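As structure tokens, the structure follows; a few thoughts come after it.
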Amino acid sequence: MATFLYRLGRGAFRRRWFVVLLWAVALVMAGFGAAKAPAADDSNTSFMPGIEAQKAYDLIGERFPGTDANGANARIVFVAPDGQKVTGAGARTVIDDFVTEAGQGSQVASAVSPYKADAVSKDGSTAYSTVTYKVAAGDLTDSSKDALQHAVDHARDQGVTVEVGGTALAAQPAAGGSAEAIGIGIAAIVLLITFGSLAAAGLPLLTAVIGVGISMAGIIALGSTFGLSLTTGTLASMLGLAVGIDYALFVVSRYREERSRGRDPREAAGLAVGTAGSAVVFAGLTVIIALGGLSVIGVPMLTKMGLCAAGAVAVGVLVALTLVPALLGMWPNAVLSRGVRKNRARALRKQRSESNGGSRWARFVQRRPIAVLLVCVAALGALALPSASLQLGMPGDESKPTSTTERRAYDALAEGFGAGFNGPLTIVVDAKNSDGPKAAATAIAERIKDTPGVVSVSSPQFNPTGDTALFSAVPATGPNNESTKELVQTIRAERAGLEESAGATFEVTGSTAMDIDVATALQNALVPYLIVIVGLALVLLLVVFRSVLVPIKAALGYLLSVLASLGTVVAVFQWGWGAQLLGVEQTGPIMSLMPIFLVGIVFGLAMDYEVFLVARMREAYVHGDRPAQAVVAGFRHNARVVVAAAVIMIAVFSGFISSTESMIKTIGFGLAIAVLFDAFFVRMTIVPAVLALLGDKAWWLPRWLDRLLPRVDIEGSGLTPAPTESADEPARPEPART
């Protein structure tokens with residue numbers, strides 16, 4: 001592996017113009033394909049096949065033709081002034097005028113009056129009107145939105161409080177370009193501080209942007225063929241940028257190190273790709289394993305996101321191995337620090353003095369490994385305790401700030417109609433094989449109405465053939481309340497006896513039931529997902545490090561940091577500890593997809609840091625250093641760039657905490673805190689402490705296993721670099737351990 005990559009790096013350096021041209025052609029072709037490709041079809045609404053709520057949802061689409069569940073809607077909530085009622089003459093005129101005005105327009109399907117739909121609260125203080133559209137929210141024209149907003153403003157001017165929920169006027173998610181731009185800006189500052197060279201800081205950013213550009217253009221070009229979309233590529237964009245910077249950063253850093261030792265530029269490029277490039281390959285493989293493992297969850301969207309992101313990571317690896325050395329060949333001295341360019345011999349002596357911050361930190365940990373290990377494990381263990389109380393859900397309008405009209409509409413409906421009104425359950429009765437469909441549907445509706453926790457049940461509505469009915473059941477508690485989840489389980493538990501007596505089957509769906517089913521399925525899939533990715537990674541790390549204990553230590557450290565991160569997220573966003581400091585106005589269940597994203601993304605980044613840091617330790621150990629010296633050598637050479645990579649990721653993820661969207665805020669905080677824990681507590685502290693305690697045993701491998709494992713030579717022991725040009729100290733062969 002190291003020899004092949006060494007030759008690849010030298011070849012890319014020598015044929016730099018050809019390599020750069022190839023990547024330029026790839027970028028142009030991908031961009032051309034994206035520009036000419038037809039738009040992706042987003043009509044497939046199946047989020048998680050196999051769960052009851054999804055099957056019922058599909059049945060509605062089959063039995064009720066013409067129903068467009070993706071159509072935009074607006075729920076307009078009217079609240080009468082204090083002491084008045086919406087049934088009064090003045091308020092009624094205002095509301096009727098609104099319904100008439102809102103019902104006009106080519107994209108409007110219907111606008112229902114609250115007085116005809118029994119949508120007035122019992123105390124007469126609140127009413128709502130539902131406006132539905134023929135197209136999805138993203139396809140609404142500005143004129144349709146303006147017309148609805150004008151009708152709302154006109155009603156407000158008449159003295160009635162009007163709030164708007166639904167999807168029609170909801171702010172559409174902003175494109176991720178601003179977040180990426182902020183991330184690139186922060187990365188540039190960190191890289192400039194780390195390298196002290198504009199060229200060295202700019203090269204990783206340039207190559208990362210090129211890699212992400214090719215990946216995103218490819219996703220758009222293949223979107224119509226494989227059902228991909230910009231949403232599917234969100235994870236690919238984020239991780240492609242992250243690993244693209246990291247991987248180029250390590251190759252450039254090793255190139256600078258070899259140049260400071262006196263290597264000529266081409267030889268330094270070959271050695272950089274042969275050593276740091278080997279770590280890049282295996283780090284990339286661990287990330288790809290984590291992302292490919294998303295397919296075991298059973299969510300098509302997650303599978304597509306994972307595979308697209310895995311493709312972006314693969315592109316990032318190829319860019320680091322070929323385009324980076326090619327660009328180094330164009331400006332071989334530009335990435336060097338001013339000190340190296342002026343006095344290479346002095347720089348070499350300074351490099352070998354072992355007096356930088358990384359080596360000093362490693363020695364500090366080695367002097368008191370037990371105390372450091374106990375403190376870190378105890379701290380992370382304490383932070384992990386709240387994860388046992390993790391509750392998953394899908395935050396809705398109730399999690400938005402009170403400054404938004406969606407939140408005020410939600411609160412007004414909850415106050416006027418009850419907390420459960422914002423999350424009704426939809427019951428689908430399949431009476432196709434029943435002798436009396438209407439009687440069967442009515443019997444099921446009456447039984448569900450008598451279930452404790454159900455406030456009201458609507459009259460069953462039948463499809464044109466009369467064999468399927470729909471009705472709503474309003475719970476007494478809100479959508480994310482644990483009692484609502486128990487109510488859904490109770491209704492389903494009573495199904496066997498109820499279906500037998502009624503002669504028809506039924507299923508529970510609706511947004512609330514869908515969120516409950518998705519959360520349950522994802523929570524059940526979390527442990528198998530962890531087992532798959534950690535198991536495969538253990539095998540890969542076993543091959544990389546040729547050690548039994550190092551991969552086990554890496555996996556246990558990762559699990560500790562992930563659990564601590566989940567515990568911190570639960571404490572802040574579910575329990576409310578320090579929530580106000582982050583601008584969290586409403587606590588509640590954690591978004592269902594968040595733990596899966598956290599586990600997958602942090603696993604990839606954690607293994608990046610593990611491979612880059614420990615691979616350099618093993619390289620020193622194989623070349624003759626004692627175990628303690630090898631740990632110090634690994635920190636001396638790679639600690640600074642690992643810290644820089646971690647700081648970049650923390651800063652990028654932290655930028656999302658300022659979002660007004662609860663889901664984005666939660667993901668940004670979770671990823672930032674997870675990288676902080678894993679990079680600084682686990683990789684930079686626990687790892688040297690454990691290796692100090694293990695000594696030579698850390699690199700122990702049974703002979704029978706040593707014979708079975710393939711040899712990949714990630715530490716580059718098979719390379720025979722050319723002699724150095726340093727007049728200060730000639731190159732000398734280093735003893736290799738057998």
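The values are calculated or read from the model by the stated rules, or taken from the named source; none is laboratory data. Keep in mind that this is a model prediction, so the values were computed, not measured. Positions of Cβ are generated from backbone atoms using ideal geometry, with glycine treated the same way; all protein chains shown enter the neighbour counts.
Does GLY396 fit the bill of being under 24 Å from THR666 (Cβ atoms) and either in contact with a Phe, Trp or Tyr (Cβ under 6 Å, 6 or more places away or on another chain) or crowded, with 18+ Cβ neighbours inside 10 Å (or both)? Yes; evaluated as a whole, the condition is true for this residue.
What do you reckon, is GLY576 assigned by TED's automatic domain parsing to the domain that holds PHE669, surrounded by fewer than 22 Cβ atoms within 10 Å (Cβ to Cβ), outside any helix (DSSP H, G or I) and not aromatic (Phe, Trp, Tyr)?
Here the answer is yes, as GLY576 does meet what is asked.
Filtering ALA571, ALA555 for residues that are without any contact (Cβ under 8 Å) to a residue 60 or more places away in the chain and crowded, with 17+ Cβ neighbours inside 10 Å leaves a single hit, ALA555. Exposed (fewer than 14 other Cβ atoms within 10 Å of the Cβ), at pLDDT 90 or above, in contact with a strand residue (DSSP E or B) (Cβ under 9 Å, 6 or more places away or on another chain) and assigned to a helix (DSSP H, G or I), is that true of ASP146? So ASP146 does not fit the description; no. Kindly indicate the residue of the range 316-335 that is among the small types (Gly, Ala, Ser) and surrounded by fewer than 22 Cβ atoms within 10 Å (Cβ to Cβ) and also farthest from ALA276 (Cα to Cα) among those meeting that condition. Residue satisfying both the conditions and the ranking: ALA334. Filtered by the rule that a residue be more than 19 Å from the chain's Cα centre (by Cα) and part of a helix (DSSP H, G or I), the range 219-252 gives ILE220, ALA221, GLY223, SER224, THR225, PHE226, TYR247, ALA248, LEU249, PHE250, VAL251, VAL252. Among the candidates ARG261, ARG266, which residue alone is more than 24 Å from the chain's Cα centre (by Cα), in the same structural domain as ARG14 (by TED's automatic domain parsing) and within 25 Å of VAL643 (Cα to Cα)? Unique residue meeting the criteria: ARG261. When the range 484-518 is filtered for residues that are surrounded by fewer than 21 Cβ atoms within 10 Å (Cβ to Cβ), touching an Asp or Glu at 6+ places or on another chain (Cβ under 7 Å) and of a type in the set (Val, Ile, Thr), only THR505 remains.
To keep it simple, each residue is scored yes or no on (1) out of contact with any helix residue (DSSP H, G or I) (no Cβ under 7 Å at 6 or more places or on another chain); (2) surrounded by 19 or more Cβ atoms within 10 Å (Cβ to Cβ).
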{"site": "ALA109", "(1), (2)": "yes, no"}
{"site": "VAL120", "(1), (2)": "yes, yes"}
{"site": "GLY124", "(1), (2)": "yes, no"}
{"site": "VAL131", "(1), (2)": "no, yes"}
{"site": "LYS134", "(1), (2)": "yes, no"}
{"site": "THR141", "(1), (2)": "yes, no"}
{"site": "ALA151", "(1), (2)": "no, yes"}
{"site": "ALA155", "(1), (2)": "no, yes"}
{"site": "GLY159", "(1), (2)": "yes, no"}
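Consider the range 640-659 and keep the residues that are closer than 17 Å to VAL602 by Cβ, among the β-branched types (Val, Ile, Thr) and crowded, with 22+ Cβ neighbours inside 10 Å. The one that is modelled with the lowest pLDDT is VAL652.
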